[in-house]
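Readers should treat all values here as calculations from the given coordinates under stated rules, not as data from a laboratory. Only a predicted model underlies this, so the values are computations on that prediction, with no experimental measurement involved.
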């Protein structure tokens, strides 16, 4: 797998396109990451630029707790180590049920 910047552009870019103009684009990327993790083990936090807080929202609220691969209370199926629910990494992907641009209503309802 390439560097964190490449991973981020692919994950966020594909998720955004998947949610707006080309549904189905995200699943092959998820499958590719799943295969990589099965063959090589989880990514190190450093390799995916993990940080214990999330960047400002654009399409989604990018917190780990809102990622497809987050495992409650503090783990990830793709990234090793303890993961903060409010964290973020370059391979963040939204679950199918998490629709783009819902973060303003999440903020107002207190689901932040």
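For the chain, the relative contact order comes to 30 percent (Cα pairs under 8 Å, sequence separation of at least 6). A quarter of the convex hull surface defined by the alpha-carbon atoms of region 4-109 gives 6.4 nm² as the mean projection. Taking every DSSP helix (H) stretch of at least 4 residues in the chain, weighting each as -39,500 (n - 2.57) and dividing the sum by the residue count yields a mean residue ellipticity at 222 nm of -11000 deg cm²/dmol.
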